[in-house]
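*Asks:* Sharing a structure, written as structure tokens. Questions coming.
The values are calculated or read from the model by the stated rules, or taken from the named source; none is laboratory data. Computed from a prediction, not measured in an experiment: that's the story for all the values here. With ideal geometry, Cβ positions are generated from the backbone for all residues, glycine too; neighbour counts draw on all protein chains shown. Just so you know, the surface numbers come from the protein's heavy atoms only, side chains and all, with ligands and any DNA or RNA stripped out. Shrake-Rupley method; radii C 1.70, N 1.55, O 1.52, S 1.80 Å.
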Number of protein chains: 2
Amino acid sequence: MRPGIETIRACGGLHRFIGWDRALLTDSGGFQVWSLGELRKISEEGTEFRSHVDGSLRFLSPEVSMEVQAALGSDIVMVFDECAPGKAPHDEARRSMELTARWARRSRDRFDELQRVEADTGRTLVEGLSGAQALFGIVQGATHLDLRRESLERNLEIGFDGYAIGGLSVGEEKSVMWDVVAEIAPLVPADRPRYLMGVGTPEDLLEGVVRGVDMFDCVLPTRNGRNGQAFTSRGKLNIKNTQWGSDLRPLDETCCCSVCRRHSRAYLRHLYLSGEMLSRISLTHHNLAFFLDTMRRVRQSIRSGKFTQFRREFTEMFNSGVE
Amino acid sequence: MRPGIETIRACGGLHRFIGWDRALLTDSGGFQVWSLGELRKISEEGTEFRSHVDGSLRFLSPEVSMEVQAALGSDIVMVFDECAPGKAPHDEARRSMELTARWARRSRDRFDELQRVEADTGRTLVEGLSGAQALFGIVQGATHLDLRRESLERNLEIGFDGYAIGGLSVGEEKSVMWDVVAEIAPLVPADRPRYLMGVGTPEDLLEGVVRGVDMFDCVLPTRNGRNGQAFTSRGKLNIKNTQWGSDLRPLDETCCCSVCRRHSRAYLRHLYLSGEMLSRISLTHHNLAFFLDTMRRVRQSIRSGKFTQFRREFTEMFNSGVE
């Protein structure tokens, strides 16, 4: 919607537009349109919705989504799916899963055509990447394990570069989410990335990893950072709390990020209460550093065969509370 | 007012509180209280005003201001002055200038006492600085040259580490401001810094330098940056303009700052219109880089005896307009 796909194309694709020469993953718009609620109308062909910017009528389909993502030139393209409500009954979840499966086929076909004509826009060649766009399928089926298995089978039949588990973290119980992940992740071939969409907290990352998940995405580190919440090795820290008023320690005494090397809780609290954006920038920066560092430690512990020990120690520390 | 001087003291002074190990200059609060208008009451003793935070009654005087600035531990402390309105008639400006002169004496005395007992809080020792706080006097007298000269004489009698010209850039004609600067700056001993307070645009900096000014301060690069205005070698650029919609060039094609090395006008415009703080951060960063670079070039041109040529070329370019 903003600035519009023609602008991005004119600017040579998303990498060049935002000045980022590393990997980019773009979502298909399926979940985003779904989250509009009453503003959208779904048919076999695709989804009609009203722009939140100017109220105009817009249309997204598997084909349109693939065309948009080719114009963006992202490294990982997601298929256009439909997301059923977290508590959808079996029949509704089946209808939705089957529609998603047909849309996955159409996404694959249009994606392949676009790749053949090299339609992706000015994608930066990144060392260690193939130079072509990758397409990921999305497993749906709400909380129903039989539908989830069937959805994965249909995705595997079509064949994708990676497989995502979608439609979770949308209001269902957490235990139900982990049941779905535990059921599906191990069924994805080991040489393909497994991606759990929209998850989660630092502890969720470990819960996902232990069930075989490789990739995550979430607004948590940035949105919570903007709202004054820092994630630390000893749990969450609310920068607004009075107790940090004269506390010269960094957000996290074990963190090496540029914010923790330079600024105290007292200063970040003062900036936050004064409405200075530097506080929100700093908390966001720290949170991203903390999440990235956590995943770095996860990979390291797996390589050295000590993931179980790392998970226990991390969780114990994370629940010990910030002092 | 926020976070309060006791907090700063408890945190080891301003350098440590904000994580900045280079020079800091703090204003005395004289101008800030003056700008409150009806909310303040001035007497021989000092100024009473209402806190904009909680409405409580507060008091500032030369002595209190020196104590606060000692607690802050800034490298350059400004005397507590009274600022007359830009268009104050002669008698009002004289009364104000004489009060400022008496306050300058009291500021000097209290400052010296505080220095003797080493009251300044945990000031970082910065290479090339003396390790003691410096105190600057402020020349007042509105637009009346005789009062300005008398104000400077009184300041010189007391003796300061540097001399500021205050009470300008507060609504008077620019030509009047430059007349005052041209009159006063050359009368300041050459071995003392001359500081023009609250000025100004890039062109103002050159106008000040040509009249003998060494130091400036202004909100322009940061405030205008937050509001979408970039300063460039070819003049001002409004990032909101439609013409930058697909413009892949940096804000300033001759600028080496990290924003200009990475981001295009098109992207910064998109971020600005989307309400993303990254745009305001980036424009602020660029503007500060531009102002600092301009002063760097000023010093270089003075050292090589080519300031007049630099000033002509800079001004010509600055007025050529951004394309």
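*Asks:* Could you run the Karplus curve 6.51 cos²θ - 1.76 cosθ + 1.60 with θ = phi - 60° over the range B:260-269 and give me ³J(HN,Hα) per residue in whole Hz, x for Gly and Pro?
*Replies:* With coefficients 6.51, -1.76 and 1.60, one gets 5, 6, 10, 10, 8, 4, 4, 5, 5, 5 Hz.
*Asks:* Going through the cross-link list A:Lys174/A:Lys236; B:Lys174/B:Lys236; A:Lys87/A:Lys240, which pairs have a Cα-Cα distance over 25 Å in this structure?
*Replies:* Values: A:Lys174/A:Lys236 19 Å; B:Lys174/B:Lys236 19 Å; A:Lys87/A:Lys240 36 Å.
Beyond 25 Å between Cα atoms: A:Lys87/A:Lys240.
*Asks:* Compute the accessible area of each residue in the range B:10-49 twice, once for its chain alone and once with every protein chain present, using a 1.4 Å probe on heavy atoms, and list those whose area falls by at least 20 Å².
*Replies:* When all protein chains are present, B:Ala10, B:Cys11, B:Arg16, B:Phe17, B:Ile18, B:Gly19 each give up 20 Å² or more of accessible surface.
*Asks:* Name the long-range amide H neighbours of B:Thr232: under 5 Å, sequence gap of 5 or more, or other chain; modelled H, no Pro or chain starts.
*Replies:* It is B:Leu237, by chain and number.
*Asks:* Over chain A, what percent of the accessible surface lies on carbon and sulfur atoms, probe 1.4 Å? The partial results should precede the final answer.
*Replies:* Numbers: 7570 of 15240 Å².
Solvent-exposed carbon and sulfur of chain A make up 50 percent of the total.
*Asks:* Check A:Ile165: other-chain or 5+ apart residues with amide H under 5 Å from its amide H, H built from backbone geometry?
*Replies:* Amide H neighbours of A:Ile165, under 5 Å, 5+ apart: A:Val139, A:Tyr195, A:Leu196, A:Met197.
*Asks:* Measuring nothing but label to label, 7 Å from Cα along Cα→Cβ, what are A:Gly305's distances to the other copies in nm, shortest first?
*Replies:* 7.6
*Asks:* Taking 2.2 N^0.38 Å as the expected size of a compact globular protein, what ratio does the Cα radius of gyration of the range A:263-323 give against it, to two decimals? Walk me through the numbers before you get to the answer.
*Replies:* Working: Rg = 15.5 Å, N = 61, 2.2 N^0.38 = 10.5 Å.
Taking the Cα Rg and dividing by 2.2 N^0.38 Å, one obtains 1.47.
*Asks:* Quick one: Karplus J couplings for the range B:25-32, per residue in order, coefficients 6.51, -1.76, 1.60, θ = phi - 60°, nearest Hz, x for Gly and Pro?
*Replies:* 10, 10, 7, 7, x, x, 5, 5
*Asks:* Further, regarding this structure: What accessible area, in Å² to the nearest ten, does a 1.4 Å probe give for A:Lys174?
*Replies:* 100
*Asks:* In addition: Tell me the per residue accessible area of the range A:129-267 using a 1.4 Å probe; a whole number in Å² is fine.
*Replies:* For the range A:129-267, the solvent-accessible area averages 40 Å² per residue.
*Asks:* Let me ask something else about it. From the P(r) of chain B, can you give the percent of Cα pairs sitting at distances over 30 Å?
*Replies:* Details: 22020 of 52003 pairs.
Here the long-distance tail beyond 30 Å is 42 percent of all Cα pairs in chain B.
*Asks:* Could you sort A:Ile302, B:Ile184, B:Ile5 by accessible area so the largest value comes first, with the probe set to 1.4 Å?
*Replies:* Details: A:Ile302 95, B:Ile184 0, B:Ile5 50 Å².
Greatest to least solvent exposure: A:Ile302, B:Ile5, B:Ile184.
*Asks:* What's the whole-number percent of alpha carbon pairs in the range B:60-177 lying beyond 26 angstrom? Provide the component values of the computation, followed by the final result.
*Replies:* Working: 1681 of 6903 pairs.
For the range B:60-177, the share of Cα pairs beyond 26 Å comes to 24 percent.
*Asks:* Here is a follow-up. Report, as an integer, the average count of C-beta atoms from other chains found within 10 Å of each Cβ along B:104-117.
*Replies:* That average works out to 0.
*Asks:* Could you give me D for the range A:183-272, from Stokes-Einstein at 10 °C and 1.306 mPa s, where the hydrodynamic radius is the Kirkwood radius over C-alpha pairs? Units µm² s⁻¹, please. Can you show the working numbers first?
*Replies:* On the way: Rh = 15.0 Å.
Value of D from the Cα-based Kirkwood radius: 106 µm²/s.
*Asks:* Can you give me the long-range amide H partners of A:Ile76? Hydrogens built in the peptide plane at 1.01 Å from N, cutoff under 5 Å, separation of 5 or more residues or another chain.
*Replies:* Here the answer is A:Leu24, A:Leu25, A:Thr26, A:Ala134, since their amide H atoms fall under 5 Å of that of A:Ile76.
*Asks:* Oh, and also: What value does the protein assembly as shown have for Rg/Rh, both radii from Cα atoms and Rh as Kirkwood defines it?
*Replies:* Radius of gyration over Kirkwood radius for the protein assembly as shown works out to 1.06.
*Asks:* Continuing with the same structure: With every protein chain in place, what's the accessible area of B:His52 (1.4 Å probe, Å², nearest 10)?
*Replies:* My reading of the accessible area for B:His52 is about 130 Å².
*Asks:* Place the label 7 angstrom along Cα→C-beta at B:Gly4 and in each other copy, then list the distances from the first to the rest in nm, shortest first.
*Replies:* Spacings between copies for this position, smallest first, are 5.4 nm.
*Asks:* If you don't mind, another one. Using the Karplus equation 6.51 cos²θ - 1.76 cosθ + 1.60 (θ = phi - 60°), what ³J(HN,Hα) coupling, rounded to whole Hz, does each residue of the range A:91-96 give in order, writing x for Gly and Pro?
*Replies:* Karplus values, whole Hz, x for Gly and Pro: 5, 5, 5, 5, 4, 5.
*Asks:* For the B and A pair, go ahead and give the buried accessible area with a 1.4 Å probe, both sides summed, in Å² to 100. Walk me through the numbers on the way to the answer.
*Replies:* On the way: alone 16300 and 16280 Å², together 30510 Å².
Chains B and A together bury roughly 2100 Å² of accessible area.
*Asks:* Still on this structure, I have one more. Report the charge-dipole magnitude of the protein assembly as shown in Debye, nearest 20, computed about the Cα centre from +1 at each Lys and Arg Cβ and -1 at each Asp and Glu Cβ. Present the calculation step by step, with values, prior to reporting the outcome.
*Replies:* On the way: 86 positive and 90 negative charges, 113 e Å.
Charge dipole, the protein assembly as shown, about its Cα centre: 540 debye, nearest 20.
*Asks:* How far, in whole Å, is the nearest Cβ of chain A from the axis relating it by rotation to chain B, and which residue carries it?
*Replies:* A:Met277, 2
*Asks:* Okay, next question. Shortest first and in nm with one decimal, please list how far the A:Thr254 label point sits from its counterparts in the other copies (point 7 Å along Cα→Cβ).
*Replies:* Values, ascending and in nm: 5.2.
*Asks:* Quick one: how many Å² of B:Ser151 are accessible to a 1.4 Å probe, rounded to 10?
*Replies:* 0
*Asks:* Here's another thing I want to ask about it. How many angstrom lie between the Cα centre of the range A:253-323 and the Cα centre of the range B:165-186?
*Replies:* Result: 51 Å between the Cα centres.
*Asks:* Just give the residues from the range A:255-271 buried by at least 20 square angstrom of accessible area in the all-chains context relative to the isolated chain, probe 1.4 Å, and say none if nothing qualifies.
*Replies:* Flagged in the range A:255-271: A:Arg262, A:Tyr267, A:His270.
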